[in-house]
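Q: My questions all concern the structure below.
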Amino acid sequence: MKCFRLALGLMRLGGHNLYPNIDEEENRNLLRAIFESEINFIDPAYVYGNGRSEELIGEVLQEYKREDVVIATKAAHSQNEAGEVIMDNSPGFLRKSVDEALERLQTDYIDLFYIHFPDEATPKDEAVAALAEMKQAGKIRAIGVSNFSLEQLQIANKNGDVDVYQGEFNLVERGAEADLLAYTAEHNITFIPYFPLASGLLTGKYTEEVTFPEDDLRSGQANFKGERYQTIVSKVQQLKPIADKYEVDIVHIVLNWYFSRPSMDVIIPGAKHVDQMRSNLKAVSFELSENDIQAIDELFADFK
Ligand code: NAP
């Protein structure tokens, strides 16, 4: 599976349950712009619109060649009898999820399939064994897990079947550096950091306190509140001289920095508009020097 270093996070694609004012025509145009750019790797999930992100990809993909696109999707969200959202990693649920995702995507294989979140009941090696069978059957081509603890990952990877780990990691959420990154590097597992821009906060565009509508995911995030928000904004602005040196913007410096971490070689920033997606291509157009990597590391060391 060959993919460009910059992929696109598609949480907004058909994500009516996560963000207000999702415009599906804009979503389709974003997909077309991705497929016509160097970017060939996309990151939807069942829960982004409860299947809608995958359906939109399936629709637009008909206009392009399947083999030119690398699709990574995820599942675990289910409902109990009371209609509450629960996580399910049982082999039966994962098999059904792969088959349903294939249908929505209108394809006969998925390049990378993740267990999106751990449940409490299923032994993680049994969950991954179900995906290994689907891989054997040619329905999926690589196995991922997301939001697992180190211990869950170790059990999941008992037979060396996990290809990719996806977890929250960015300049201000650096917990994975304490344990997960050493494990993924040692076991040749790619670590894909999600929320690489801390939902936009690390782009350099924020200065004054912001508020979001209640139905926007960001309205509840601690990063966007009080003293923590002020500290982050001030540190992000201190990246400006480094950005000037490479003739790019702060957002590109932040995105490029992830490549300096062990086992990170693909990034999946989200984009609201085609312009943001195109701008983010600049993030893979240069290499940060060792000195600059270290300076950025030290500036955000308090968040380790
Ligand atoms: P993100 O990548 O941290 O932030 C993306 C947001 O930043 C955009 O929606 C846009 O929002 C802003 N932005 C992006 N590029 C910009 C630019 N060049 N200039 C200015 N603003 C820019 O957060 P995310 O999209 O929420 O997360 C990334 C991806 O990670 C998701 O799409 C999803 O695929 C994945 N994810 C996975 C999990 C998991 O459990 N596995 C959880 C969360 C996310 P505004 O314009 O509104 O500021």
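Q: Can you tell me which residue within segment 1-14, out of those that are under 20 Å from residue 193 (Cα atoms) and among the small types (Gly, Ala, Ser), is farthest from the ligand (Cβ to nearest atom)?
A: Out of the qualifying residues, it is 7.
Q: For the condition among the polar types (S, T, N, Q), more than 14 Å from the ligand (Cβ to nearest atom) and under 24 Å from the mean Cα position of the chain (by Cα), what is the one hit in 223, 188? Spell out how you get there, then give the answer.
A: Values: 223 fails: more than 14 Å from the ligand (Cβ to nearest atom).
Selected residue: 188, the only one of 223, 188 that is among the polar types (S, T, N, Q), more than 14 Å from the ligand (Cβ to nearest atom) and under 24 Å from the mean Cα position of the chain (by Cα).
Q: List the residue pairs whose Cβ atoms are under 8 Å apart, where the first residue sits in segment 148-159 and is at pLDDT 95 or above, the second is of a type in the set (Asp, Glu), and the two are 6 or more positions apart or on different chains.
A: Partner pairs satisfying both residue conditions: 150/179; 155/125; 156/125; 158/125; 159/125.
Q: Checking the condition among the small types (Gly, Ala, Ser) and touching a strand residue (DSSP E or B) at 6+ places or on another chain (Cβ under 7 Å), which residue from 243, 301, 283 passes?
A: After applying the criteria, what remains is 283.
Q: I'd like to check something: does segment 207-221 contain any residue that is modelled with pLDDT of 95 or more, within 27 Å of residue 15 (Cα to Cα) and of a type in the set (S, T, N, Q)?
A: Of the residues in segment 207-221, the ones modelled with pLDDT of 95 or more are none.
No, there is no match, as no residue in segment 207-221 is modelled with pLDDT of 95 or more, within 27 Å of residue 15 (Cα to Cα) and of a type in the set (S, T, N, Q).
Q: Return the residues of segment 45-68 that are under 22 Å from residue 165 (Cβ atoms) and either modelled with pLDDT under 95 or not acidic (Asp, Glu) (or both); say none if nothing qualifies. Walk me through how you get there before you give the answer.
A: Step one: of segment 45-68, the residues under 22 Å from residue 165 (Cβ atoms) are 45-48, 53-54.
Selection gives 45, 46, 47, 48, 53.
Q: Among the numbered criteria (1) assigned to a helix (DSSP H, G or I); (2) away from the ligand (no atom under 16 Å from the Cβ); (3) farther than 17 Å from residue 146 by Cβ; (4) not small (Gly, Ala, Ser), which one does residue 34 miss?
A: The number of the failed condition is (2).
Q: Being under 30 Å from residue 225 (Cα atoms) and of a type outside the set (D, E, K, R) is true for just one of 149, 97. Which residue is that?
A: Of the residues listed, the single one that is under 30 Å from residue 225 (Cα atoms) and of a type outside the set (D, E, K, R) is 149.
Q: Moving to a separate point now. Can you pull out every residue in segment 3-52 that is of a type in the set (Asp, Glu), out of contact with any Phe, Trp or Tyr (no Cβ under 6 Å at 6 or more places or on another chain) and surrounded by fewer than 18 Cβ atoms within 10 Å (Cβ to Cβ)?
A: Within segment 3-52, 23, 24, 25, 26, 36 meet the criteria.
Q: What are the residues in segment 249-304 that are β-branched (Val, Ile, Thr), within 9 Å of the ligand (Cβ to nearest atom) and outside any helix (DSSP H, G or I), if any?
A: 267, 268
Q: Among residues belonging to segment 109-120 that are closer than 30 Å to residue 6 by Cβ and free of Cβ contacts under 8 Å to residues at least 40 places away in the same chain, point out the one that is surrounded by the fewest Cβ atoms within 10 Å (Cβ to Cβ). Before the answer, list the steps.
A: Let us first name the residues in segment 109-120 that are closer than 30 Å to residue 6 by Cβ, namely 109-118.
Cutting the leftovers down to free of Cβ contacts under 8 Å to residues at least 40 places away in the same chain gives us 109-110.
Values: 109: 18, 110: 22.
Once the filter is applied, the top-ranked residue is 109.
Q: Can you work out which of the residues in segment 127-147 that are in contact (Cβ under 8 Å) with a residue 40 or more places away in the chain and within 14 Å of the ligand (Cβ to nearest atom) is farthest from residue 239 (Cα to Cα)?
A: So the residue we want is 144.
Q: Within segment 73-108, track down each residue that is polar (S, T, N, Q), outside any loop (DSSP other than H, G, I, E, B) and buried (at least 16 other Cβ atoms within 10 Å of the Cβ). Reasoning before the result, please.
A: Taking segment 73-108 and keeping what is polar (S, T, N, Q), we get 73, 78-80, 89-90, 97, 106-107.
Cutting the leftovers down to outside any loop (DSSP other than H, G, I, E, B) gives us 73, 78-79, 97.
Result: 73, 78, 97.
Q: Let me ask something additional. Provide a single number: the residues in segment 226-248 that are in contact (Cβ under 8 Å) with a residue 12 or more places away in the chain, more than 13 Å from the ligand (Cβ to nearest atom) and within 17 Å of residue 291 (Cβ to Cβ).
A: Residues meeting the conditions: 6.
The values are calculated or read from the model by the stated rules, or taken from the named source; none is laboratory data. It should be emphasised that the depicted structure is a prediction, and the values quoted were computed from it without experimental measurement. Cβ atoms come from the backbone with ideal geometry, glycine included; neighbour counts cover every protein chain shown.
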